[in-house]
1. Run down Gly165, Gly222 and say which single residue is closer than 28 Å to Ala349 by Cβ, surrounded by fewer than 18 Cβ atoms within 10 Å (Cβ to Cβ) and within 16 Å of the ligand (Cβ to nearest atom).
2. Count, please, the residues in segment 61-71 that happen to be surrounded by fewer than 18 Cβ atoms within 10 Å (Cβ to Cβ) and part of a helix (DSSP H, G or I).
3. What pairs come out if I take residues in segment 315-338 that are over 19 Å from Asn137 (Cα atoms) and touching a residue at least 60 places away in the same chain (Cβ under 8 Å) and pair them with residues that are crowded, with 24+ Cβ neighbours inside 10 Å and of a type in the set (Gly, Ala, Ser) whose C-beta lies under 7 Å away, six or more apart or interchain?
4. Please give the number of the condition Tyr343 fails out of (1) modelled with pLDDT of 95 or more; (2) at positive phi.
5. Note down all Cβ pairs under 9 Å where the first residue falls in segment 32-56 and is over 28 Å from Gln89 (Cα atoms) and of a type in the set (Ser, Thr, Tyr), the second is at pLDDT 90 or above and surrounded by 14 or more Cβ atoms within 10 Å (Cβ to Cβ), and they're at least six residues apart or on different chains.
6. When the residues of segment 225-249 are filtered to those that are of a type in the set (Asp, Glu) and surrounded by fewer than 23 Cβ atoms within 10 Å (Cβ to Cβ), which remaining residue is farthest from the ligand (Cβ to nearest atom)?
7. Looking only at segment 149-202, count how many residues are part of a loop (DSSP other than H, G, I, E, B), within 23 Å of Gly374 (Cα to Cα) and not acidic (Asp, Glu).
Amino acid sequence: MSLKPSRRSFLRRATILAGGAFSAQSIFNQTYGSVFDDLAAKYSGIAPADLAYDEDYWSVIQQGYTASSAPVLNLNNGGVSPSPLVVQQAVERYGQLSNQGPSYYMWKILDQGREPLREKLALLGGADPEEIAINRNATEALNSIIFGLDLNRGDEVIGCYFDYGNMMHAWHQRAKREGIVYKQLSFDFPIEDDDMIVQAYREAITEKTKIIHVTHVINWIGQIMPVKKICQMAHERGIEVIVDGAHSFGLLDFKIPELEGDYFGTSLHKYLSAPIGSGMLWIKKEKISKVWPLLSNGDPQSGNIRKFESIGTRSFPIEQGIGEALNFHNAIGAKRKEERVRYLKNYWAEKALEIPGVKLHASLKAPYSCAIAGVSVAGMSPKELENSLMSRFQIHTVAIPYRNLDCVRVSPHIYTSLSDLDRFVKALSILAAENANFDMGGKGA
Ligand SMILES: Cc1ncc(COP(=O)(O)O)c(C=O)c1O
C-alpha cells in the first residue's frame, strides 16, 4: 500500500489546515495534542520556577525541535531561532498548497487565516487585535514607526548606542535627510540599577525631545531595560516611546500594554520560534492614524492597523506558520519558557564564573537578564574566541567587539540541553587554561 497521500486527500487536508491553523485541526493538535495535554496534566501543580529544573518535562519539549547539536551546537538563538517540527511542517504544507494554484490558494484560502492569526497574536501580547499588524521582521515593524512619525527639523530623539543597528541607521537617515537631532546615550552594561538607566534618559531630555527609542532586551549583551519606568518618566513630559521588543516577545512573560509604550515592534523568528521572516507591529489604538505607512496605502492616515500590511506579495506559508508557533508556545506557557531559558543561561554562566580567566558580561539576577549573556576569556579577543569555539569545538556563538563590550554573545533556547551547555563550559575551560599558559610564556601554572 502506498503511503503517499492521494491528491484528493491532500487537498481536503490542506483546505482544512488553511482555515484551521488555530482550530482543533491544526498540525500542532494533530501531532502533539495528546502529548501536551498529558504533560500539562502531569505538571499542572508545579510552579514555573521549579519546573525550570525538570529535565523530564523539558526533554519532551526538546523533542519537538529538529535542531541538533551535531555537528554544530548553536548558541546564537538570539540571532534567529529554529522552529519546532510542527512549524516547519506547516510552512511546507502551506507551500505545497500555494503551489497547487498560487493566486487561488494564497489569496482565497490562506489569506483567510490572517484575521484569526491577528487575534491569536493579540491574545499573547495582551492587546486589541486592531492594534496588531503582521509583517516580516522587527526591522520592518520598527522602521514603519521611525519613518512614519511626523517630526520637524530640530526635534530630538533619544536612543542609545546599544540599540539595534538597523534602527540606529534609520534614525541617522532621518537626521541626515530632515535635520532631526538623534542623541545616543552610552551605558556600562551590565547594570543592576533601573533608576540609573531611567536617570540617563531623563537627563538627556530637552524641551525639543519628542521620542525615546528603547530596546527592551539589549541584543549585544542581554540587559533587560526598565522599559515601563522609562515610559512613565517620558509620558510625564509628553514624550512618546518606541519599544524594540525583538528579543523579548515570546521569551519574557509580559503583555505589551503593561510596558506603557506607544509603539512596539518585534521579530517572531527569535524566541517565539515562528518561521524565519516573520514579525509584528503594535501601535496604541489612538496613535495609528498619525503614523504614515512605510509602504503606501490607499488611505495612509486611516486608523486601521492593516494599512501597515500593504507589502505586496509576501510568503503566505511563513505568515500562516506563525499560528503553529503560537500553538507550540502556548502549550508550554510563557512563564515556564522564560524561567527555563533563564535557568539555562544561569546554568552555564555560574559554571563559567568558576573558571579562572573567564569573565561574564551579564547580570545573573532575573530582572536584568534572561537568555543572553556575554562571556570572554582573558588573552583572547572576541573574534578569536568565536573562531576557536567554532573551529575546535563546533560551537556557534557571535563575537561582540563593539564599543565598551568585548565578549562573545551566548544565547541558548528551550531545545538546548544541559549536556550541550556542559560541552560549551568545557570548551571555555580548555581555552582559558591554554591562554593562561600562554600568558605565562607557555610554562604552565
Ligand atoms: C534588538 C533588535 N532589534 C531588531 C532586530 C532586527 O530583527 P529582524 O532581523 O527581525 O529585523 C534585531 C535582530 O537581531 C535585534 O537584536
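The values are calculated or read from the model by the stated rules, or taken from the named source; none is laboratory data. Fair warning: this is a prediction, and the values are worked out from it, not measured in the lab. No Cβ is skipped: glycine too gets one built from the backbone with ideal geometry, and neighbour counts run over all protein chains shown.
1. Numbers: Gly222 fails: surrounded by fewer than 18 Cβ atoms within 10 Å (Cβ to Cβ).
Only one candidate passes the filter, namely Gly165.
2. 1
3. Filtered contacts from segment 315-338: Phe328/Ser273.
4. (2)
5. Partner pairs satisfying both residue conditions: Tyr53/Arg340; Tyr53/Tyr343.
6. Residues of segment 225-249 of a type in the set (Asp, Glu): 236, 240, 244.
Those left that are additionally surrounded by fewer than 23 Cβ atoms within 10 Å (Cβ to Cβ): 236, 240.
Working: Glu236: 26, Glu240: 18 Å.
Filtering first and then ranking leaves Glu236.
7. Here is the first cut: in segment 149-202, the residues part of a loop (DSSP other than H, G, I, E, B) are 149-155, 161-164, 179-180, 186-193.
This time we only want the ones that are within 23 Å of Gly374 (Cα to Cα), so: 161-164, 186-193.
Those still in the list that are not acidic (Asp, Glu) too: 161-162, 164, 186-187, 189-191.
Residues meeting the conditions: 8.
Let's see how each residue does on (1) under 22 Å from His329 (Cα atoms); (2) not hydroxyl-bearing (Ser, Thr, Tyr):
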{"position": "Pro116", "(1), (2)": "yes, yes"}
{"position": "Pro129", "(1), (2)": "yes, yes"}
{"position": "Thr139", "(1), (2)": "no, no"}
{"position": "Leu151", "(1), (2)": "no, yes"}
{"position": "Tyr161", "(1), (2)": "no, no"}
{"position": "Glu178", "(1), (2)": "no, yes"}
